[in-house]
Amino acid sequence: MMAIDGVIAFLSLFVVFVALGFFGSRWRRGDMNNLSEWALAGRRMGTYLVWFLVGADLYTAYTFIAIPSGVYAKGAIYNFAVPYVALTFGIAILFMPKFWRITREKGYITGADFAKGTFNSTTLAILIAIVGIVAELPYIALQIVGMQAILTTMLAGVSNVTTDSEISLIIAFIVLAAFTYTSGLRGATLTAVLKDILIFGGVIAVIAAVAIGGGFSAGFTAKPVYSTLAPALENAYWSIFIVSALALYLYPHAMNGVLSAQDAEKVRKSSALLPIYGVGLGLLALYGVVIYGNSAALHFVKANGGSGLLVVPSIIQSVLPPWAAGIAFLGIFIGGLVPAAIMAISQANLLTRNIVKVFRPNLSPAGETQIAKWASVAFKFIALAFVFVVNSTYAVQLQLFGTILVVQTLPSIFGGLITNRLNKYGLIVGLVASELLGIYLMADANKFGTWSTSFFNTPPFGAFYVGATALALNLAIVLVATLVSRPKAVVTQGA
C-alpha cells in the first residue's frame, strides 16, 4: 500500500476537490432551476475557463490511462491520439464558433436541437439524442476504469483490495453525483481547474524524473519495434486519427463546453490554446514504451495481472516520492470524475430537451431542469455496466466505440453548419444504417467476444477503423438521397 504521506496528500486534496464542487452552486450565481444556468453555467465562461473546461473533456482517463495502456500492449498504432488532437482543434475553430452563434440566437441547448431546427425533423433530433446518450456511456465507463487503476495501485498489498477499491469508487461517485446535482456545470468547471493544475504538475514532474533517469532511451532500447508503425497498419492509423478528430466536437460533452462560452470569439481563442494539452498527451503516450525500461514499474504491472492500465500509475509510483505520487494520483483520479460529470450533464440535456420534452411539451423550465439533474445522477451509475465489456488493457476501446457511434451524427451537425439542403430522410436512414453497421463490425472484429480492437479487415486494403467504414456508408446514403430528392429551394444556413 502507498506510504501514509502519499495517502494524506491524496485525501487532503480530494477534500478540496469536493469543496470546490459544492461551492460551484454559489459561484456566479444564477437560477439553477433554469436548464441553461445549470447545464451551461449561464453561457458566461471566458476564454480560459472554457479552455480548462473543454480541456477537462480531452485530458481524461483516456489520455493518461487508456492510450499509454494501448501503446504498452500494441505499440505505435495507439500513438494515433497525437495527430488526432493536432487536427481536431483546427476542426473546432472551423465549425464551433458558428455553432455557438446559431445556438445562442435560436436558444438551442444541444446538437439535437440544432439538427431539429436546421432540418425541421423531430425524428432526426430524437435519434441524435439517443446516439449521444449511448455514446457517452462507454466514455464515462472509461473514466471509471482509469480511477480503478489508481485505486489498485494505491491499495496494492491490501488483502481485500478489490472490495476496498469498489467501495471507494462508489463513495466518490456518490459525492460527484451530489455536487453535480446541486452545482451543475459551474461545479464541474471549478474542479476542472484544480484537476488540470494537478495533472500538468504531475506530468512535468514525472517527465523530468524519467528524462533524468534515462527512461526514454531505455524504453526504446528494450522495445525498439515500438518506434515504428507496421506497414499493414497504415490505413488503420490514418483512418482512426482522422475519424477521431472529426468526432470529438460531435460528442455532447464537447458541445456542452463550447456552448458555455460568453461569445464565439471566446470559443475561437480557447480552441486555439487547446493544442497545449496535446503536448502532454504525446508525452503520456510514450509511457507505454518507457515502462519497458523501468524494471520496478514493469515488475509491478506484471505482478498485478499484467494490466496495461497500471502503466502510468506504476511509473509515477516508481519515480516520485510518496507525497508527490499521492498528488499526481489525485490528479488522475479526479481526471476521471470531472469528465464523467460533464458527460452526464450533456446526456441529461439530451434526454430532457430532445426526448422527454417531445412527449411532454408543456413541461415547465423548473420541471425540465429537475429531470435533467436526476438523469445526470442515473447516467453515471448506468455507465458502470460498460466496464465489464472490455479487457482492461484495451480500455481505449470504450472510447473508440463511442466515437464509432457519435461520428455518424456528422452529416446532421457539421453538414448542417454548411447547408440545410441535405435531405432529412437521407440523414435519418444514413444515421440508422451506419450505426447498425458500426455495431456489427465492432462485434465481428472481436469475434463477438470481449473487445480488444476496433479495426476491421477490408480486403484488399487491409485494416480500417470501423468508424470510417460506417461513416462512408452514412455519407453515401445522405448524398444519394439529397441528389435524388433535388430540393427546389436553396437556403444557406445563417452564419
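Readers should treat all values here as calculations from the given coordinates under stated rules, not as data from a laboratory. None of these values were measured; they are calculated from a predicted model. So basically every Cβ, Gly included, is an ideal-geometry build from the backbone, and we count neighbours across all protein chains shown.
A few points about this structure:
- In the chain, the sites counted are trypsin sites (Lys or Arg not before Pro) in DSSP loop states with at most 11 other Cβ atoms within 10 Å, and the longest stretch holding none of them, exclusive of the sites, is 30-446.
- Cα convex hull, the chain: 129 Å³ per residue, rounded to a whole number.
- Cα-Cα over 27 Å, subset of Lys74/Lys269; Lys106/Lys266; Lys74/Lys302; Lys223/Lys302; Lys106/Lys373; Lys195/Lys223: Lys74/Lys269; Lys195/Lys223
- In a fully extended conformation the segment linking Lys302 and Phe461 would gain 53.6 nm over its present Cα-Cα distance, using 0.36 nm per residue.
- The Ala366 and Ser227 beta-carbon pair, evaluated with R₀ = 45 Å, returns a calculated FRET efficiency of approximately 0.20.
- Difference of contour (0.36 nm per residue) and Cα-Cα distance, Phe448 to Leu94: 123.6 nm
- Given 16 as the ceiling on other Cβ atoms within 10 Å, longest exposed-site-free region of the chain for chymotrypsin sites (Phe, Trp or Tyr not before Pro) in DSSP loops: 28-447
- Using a cutoff of 8 angstrom between alpha carbon atoms and counting only pairs six or more residues apart, the relative contact order for the chain works out to 30 percent.
- Cα shape, region 284-381, gyration tensor, a/c 1.5 rule: prolate
- Farthest positive-ward along the chain dipole, Cα basis, beta-carbon charges - from Pro460, Leu233, Ala254: Ala254
- Cβ-Cβ FRET estimate between Ala211 and Arg486, R0 fixed at 45 Å, reported to 0.05: 0.15
- Across region 444-459, computed HN-Hα scalar couplings (Karplus, 6.51 cos²θ - 1.76 cosθ + 1.60, θ = phi - 60°) run 5, 4, 9, 6, 6, x, 5, 6, 9, 8, 10, 9, 10, 6, 10, x Hz from first to last residue, x flagging Gly and Pro.
- If R0 is 30 Å, the Cβ-Cβ spacing of Trp374 and Phe200 corresponds to a FRET efficiency of close to 0.30.
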